[in-house]
Amino acid sequence: MNKTLLVTAMTLAAAALSAQAAARDAITIVGSSTVFPFSTAVAENFGRGGKFKTPKVESTGTGGGMKLFCGGTGVDHPDITNASRAMKASEFESCEKNGVKGITEVKIGYDGIVIAESKSGLDMTLTLKDIFTALAKDVPDASGKLIPNPNKTWKDVNPSLPDAKIEVLGPPPTSGTRDAFVELAMEGGCNAYPSIKDLKKTDEKKHKAVCQGVREDGAFIEAGENDNLIVQKLVANPKALGIFGYSFLEQNADKIRGVKVGGVAPEYDSIASGDYPISRSIYFYVKNAHVGTIPGIKEFVTEFTSDKAWGPDGYLADKGLIALPDAERKAEAQSAKALTPMEKPAK
Amino acid sequence: MNNPAPAASAPPPAPARRTIDIVNASLKRRYAREARFRFMGASAVFLGLLFVAVLFGDIVSKGYTAFAQTYIQVPVYFDPATLDPDGNRDPQTLANADYLGLVKASLRTLFPRVTGRPQQRELYALISAGAPQQIQTMVRQYPSVLGTTRDVWLIAGADVDMLVKGQIDRELPEADRRIKDSTLTLVDQLKTEGRIEQRFNTGFFTNGTSREPELAGIAGALAGTFYTLALTLLLSFPIGVGAALYLQEFAPKNRWTDLIEVNINNLAAVPSIVFGLLGLAVFINVFGVPRSTPLVGALVLALMTLPTIIIASRAALQSVPPSIREAALGVGASPLQTQFHHVLPLALPGIMTGAIIGMARALGESAPLLMIGMIAFIVDIPQGVTDSATVLPVQIYLWADSPERGFVERTSAAILVLLGFMVVMNLAAVLLRRRFERRW
């Protein structure tokens, strides 16, 4: 009996391997977990149309997605990668080296990163400088010398803030949200200190380390990748703050509210207009060489860039996407449909 | 009583403490020690049970609502002019007709007083994005509905579903909830007309996943789990039992087999993610096995369960008494016949128990599958081992990470289903052992 089983298993494996050589009929998408909710929504609607199979969307993170995407051309490699930042020059080069030439870059909109608190919370208003001073690993003292962050309460950070312990729940370093948060909020805040700002000219590496170092003494709590968990913890602890993507604030608006940063509340309009300081652009990249080989790529791009999807009233807006301004959206849609290859990024 | 003679014959004034006195003096303390130990043991068990109860209570209380789904009854006029303009019931035309428009028109007829674009958008949001599909299926199955008006129970949108299930607090100020006052009025009106109903959520078991919580189901993940586990068993069981049989019964006992044995025991303790990395490096990158498929998942999980099966099988083989082997050999069976005809059947219950426990572990595994691309959004239900698929634990992980409120209950419900399977598998292991195990 064992022999039959073994033979069956081997036949199965052999059959599978030979089947794999055949063409793939569904689009494969990889990349950022931030873009994942939007990409999957489009994929589902696209599949519902019935003409093509529903694309497979993998959540690999932006960097992991780029690596897979740039691995080469052919059915083994993904057709589209999502990114919560623009493609880097080094990634573009590795793509070219592996024969992936002709990549269409499509900017899909903005994603705001919110600092939120419970509805019964402290009702705070922060500046980027406050955020940096509260969460950095090292902060400059009165003389400008860097010392380990001594601040225990928000009042220590800024006398106008409430006298409550600093407790911020945020994503771990593996997360794209964390990258964006340290880049936009922390770095923005640390440049408010002239002594650190000057450092950038003399020692860029040190500047980056100081600005992007998050304290590890318990005031900043890494809460894992699960943003729903952070929301629950905020409700349980009204004195704590949490950091996550805008869509979680929108979905849980009955339990939590966004903290104003620099006087601007995280709302759809303020993120779209760029007034809210902690927001980033999100993208997807199409491998032009696969268009025509894998069925439906062009139609998928058309679906994604149609106003019923990514417009301000589209179904992606319901999922928390902040749409591009009208003119920019139109231009992006046009270049996406024409599959205009991108230039090499500057950095 | 055993030893009274010397003690009794000893001179009475002897002040030396007798053994019994020593025993008596420490007796109380020793009883107390035992009582303390018993108490600690009992409280540890109680604490453990309490945590399990809290965990289960939390999951069940969050998840049970997902087994019901809100439906809204809408009178739909199956307008032949829009659905089948040529009048020849061509399936192609019927498949591509504008069902979304039909649903919207039906809602407008139901609420003629709702006018203006924003208000109408709210009205359309009452019904799920899956409703057009529902109507399409209906028309395809019963083309005779064309030209008639029927009351159809359509799937409600996720927000309405949450409201009806009481998971959105309607006492909060309007700005704080996802459902606006105007929608509340619409829902209340539907309720008084008896047009809202909760039914058993069959879609949860028959649909693939979706971005819309009300349409999301676990069928895709279940099918993926089935293919993955079936193939895992097919690969790991024969190899594992064969390896155990060889190592236990045929292999010479020397330094090499000792080394192999130590290695197998160590492999059983290796974190599962390491097997995922191995799978990525070897199966995908070297052998080119397609990513995200049950095939590669099963290969990785088979590697992971092999040590468990080998160890359990060896223990089971070892417990078969040598007299069986000697008797078989004595009546002229070859060593191979001895093993396959006599030893293996007697060891099988133990082997099965080990295999089932190994499979139960594989069922709950998600970490190694993350490395090989099974953490993916896959709507279509996989039809074979080379289709892209995901498995139940990964589906739970993906849902737990979704912002939509409706996924909270679905996550817990999926956990319940997974736990159900776990319990069934472990129960099967226990029953097999009880039923077939022979004591010697």
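The values are calculated or read from the model by the stated rules, or taken from the named source; none is laboratory data. All values derive from a computational prediction rather than experimental measurement. As a convention, Cβ positions derive from the backbone with ideal geometry for all residues, glycine included, and neighbour counts pool all protein chains shown. Accessible surface is based on the protein model in full, side chains and every heavy atom, while ligands, DNA and RNA are left aside. Shrake-Rupley method; radii C 1.70, N 1.55, O 1.52, S 1.80 Å.
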**OP:** Find, to one decimal place in angstroms, the Kirkwood hydrodynamic radius of the range B:332-437, where the mean of 1/r is taken over every pair of different Cα atoms and then inverted.
**Re:** 16.7
**OP:** Just order B:45-53, B:393-401, B:58-66 by mean Cβ neighbour count inside 10 Å, highest at the front, would you?
**Re:** B:393-401, B:58-66, B:45-53
Subject >> Cα Rg over Rh - the range A:109-243, Kirkwood >> reply: 0.96
**OP:** Give the distance, in whole Å, between the Cα centre of the range B:63-139 and the Cα centre of the range B:235-280.
**Re:** 58
Subject >> Alpha-carbon gyration tensor eigenvalues x 5, square-rooted, for the range A:182-304, Å >> reply: 32, 25, 16
Subject >> Mean separation of Cα contacts under 8 Å, 6 or more apart, over the residue count of the range B:219-436: relative contact order % >> reply: 31
**OP:** Distance between Cα centroids, the range B:342-379 to the range A:230-273: provide it in whole Å.
**Re:** 42
**OP:** Can you bin the range A:88-148 into rounded, prolate or oblate? Criterion: square roots of the alpha carbon gyration tensor eigenvalues sorted a ≥ b ≥ c, rounded for a/c under 1.5, prolate for a/b above b/c, oblate for the rest.
**Re:** oblate
Original post:
To the nearest 20 debye, what charge dipole does the range B:219-436 have about its Cα centre, counting +1 at the Cβ of each Lys and Arg and -1 at the Cβ of each Asp and Glu?
Top reply: 460
**OP:** Give, rounded to the nearest 20 debye, the magnitude of the charge dipole that chain A has about its Cα centre when Lys and Arg contribute +1 at Cβ and Asp and Glu contribute -1 at Cβ.
**Re:** 660
Original post:
Taking springs between alpha-carbon atoms closer than 10 angstrom, which of B:24, B:265, B:96 fluctuates most in the Gaussian network model of chain B?
Top reply: B:24
Subject >> chain B - Rg over Rh from alpha carbon coordinates, Kirkwood radius >> reply: 1.19
Subject >> Relative contact order computed over the range B:68-200 (Cα-Cα under 8 Å; 6+ residues apart), in percent >> reply: 41
Original post:
So how tilted is helix B:131-141 from the main axis of chain B? Cα-based, degrees 0 to 90, rounded to 10.
Top reply: 80
Original post:
To the nearest 10 square angstrom, how much accessible area does residue B:93 have with a 1.4 angstrom probe?
Top reply: 40
Subject >> Equivalent ellipsoid semi-axes, the range B:68-200, via Cα gyration tensor eigenvalues times 5, rooted, Å >> reply: 30, 15, 12
Subject >> Heavy-atom accessible area order for B:103, B:408, largest first, 1.4 Å probe >> reply: B:408, B:103
Subject >> Mean Cβ neighbour count within 10 Å, used as a protection proxy, ranking A:36-42, B:344-350 highest first >> reply: A:36-42, B:344-350
Subject >> Where GluC sites (Glu not before Pro) in DSSP loops with at most 11 other Cβ within 10 Å are excluded, longest remaining stretch of chain B >> reply: B:194-440
**OP:** With a 1.4 Å probe and every protein chain kept in, tell me what percent of the accessible surface of the protein assembly as shown is carbon plus sulfur.
**Re:** 60
**OP:** Could you tell me what % of all Cα pairs in the range B:219-436 have separations over 26 Å?
**Re:** 43
Original post:
For peptide B:399-410, how many partner chain Cβ atoms fall within 10 Å of a residue's Cβ, on average?
Top reply: 5
Original post:
What relative contact order, as a whole-number percentage, does chain B give when Cα pairs under 8 Å and 6 or more residues apart are counted?
Top reply: 18
Original post:
How much mean residue ellipticity at 222 nm does chain B get from its helices, if each DSSP H run of length 4 or more adds -39500 (n - 2.57) and you divide by all residues, to the nearest 500 deg cm²/dmol?
Top reply: -19000 deg cm²/dmol
Original post:
When ligands, DNA and RNA are left out and all protein chains stay put, how many square angstrom of accessible area per residue does the range A:112-279 have with a 1.4 Å probe?
Top reply: 44
Original post:
Sorted by accessible area with a 1.4 angstrom probe, largest first, how do B:181, A:130, A:275 fall?
Top reply: A:275, B:181, A:130
Subject >> Nearest 10 degrees, 0 to 90: helix B:99-110 Cα axis against chain B principal axis >> reply: 70
**OP:** Quick one: order B:341, A:207 from most to least accessible surface, probe 1.4 Å.
**Re:** B:341, A:207
Original post:
Under a 5 Å amide H to amide H cut-off, with H placed in plane at 1.01 Å, what residues pair with residue B:76 once short-range neighbours are removed?
Top reply: B:150, B:151, B:152
Original post:
When the distances between all Cα atoms of the range B:147-293 are binned every 5 Å from zero, what whole-number percent does each bin get?
Top reply: 2, 7, 9, 11, 11, 10, 8, 6, 7, 7, 7, 6, 4, 3, 2, 1, 0
Original post:
Mind listing the phi-derived Karplus ³J(HN,Hα) values for the range A:170-175, rounded to whole Hz, using 6.51, -1.76 and 1.60 with θ = phi - 60°, and x for any glycine or proline?
Top reply: x, x, x, x, 6, 8
Subject >> C-alpha long axis of helix B:19-63 to longest principal axis of chain B, angle in ° >> reply: 20
Original post:
Over chain A, what is the percentage of antiparallel beta bridges among all DSSP beta bridges, to the nearest 5?
Top reply: 70
Original post:
Given only helices, namely DSSP H runs of n ≥ 4 each adding -39500 (n - 2.57), what is the per-residue ellipticity at 222 nm of chain A, to the nearest 500 deg cm²/dmol?
Top reply: -11000 deg cm²/dmol
